[in-house]
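Worksheet: one structure, shown below.
Any read-out appearing in this document is the output of simple, stated calculations on the displayed coordinates, not a laboratory observation. Model, not experiment: these values are computed from the prediction. Every residue, glycine among them, receives a Cβ derived from its backbone with ideal geometry; neighbour counts consider all protein chains shown.
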């Protein structure tokens, strides 16, 4: 994972470490599993991300379809053919430094009762990058 906040304090949370160990397979854990761990333990997603980084566990299967997509041909998310004007406006109003945060993408999805991947597809269509990740990996 490569948490950009490398200067952060080491996380010492045995329950969190145990939960990650239960879910991790071959040094990897899915975004959905990491979110489940955060929810069950009442930990912030950034804290979970820091622990993943410490344990050198890679986060994958991004629920927005953007993790591990260095090469365009590997992208899971595809640009939406159309984006409703009110959704485009909501996304644009939520931008910070020209990007939509992962947390805000989830917030918009929940408010519109759509999947986070639908928000990601809208962002692809609008040529808007999603970052930062709630787990701190991008």
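Couple of notes before you dig in:
- Between 0 and 90 degrees, the angle of helix 14-23 with respect to the longest Cα principal axis of the chain falls at about 60 degrees.
- Relative to the dominant Cα principal axis of the chain, helix 116-126 is inclined by about 50°.
- Descending by average beta-carbon neighbour count within 10 Å, the peptides 117-127, 88-98, 11-21 line up as 117-127, 11-21, 88-98, the highest first.
- Segment 36-64 and segment 9-32 have Cα centres separated by 7 Å.
- Computed over segment 72-126, the percent of Cα pairs more than 13 Å apart is 56.
- With Cα atoms, 0 to 90° folded angle of helix 102-112 axis to the chain main axis: 60 degrees
- Computed from the C-beta positions of residue 99 and residue 18, the FRET efficiency with R₀ = 35 Å rounds to 0.55.
- For segment 8-138, the relative contact order works out to 24 percent when only alpha carbon pairs closer than 8 Å and six or more residues apart are counted.
- Bins of 5 Å from zero: percent of alpha-carbon pairs in the chain: 2, 10, 20, 22, 17, 14, 9, 4, 1, 0
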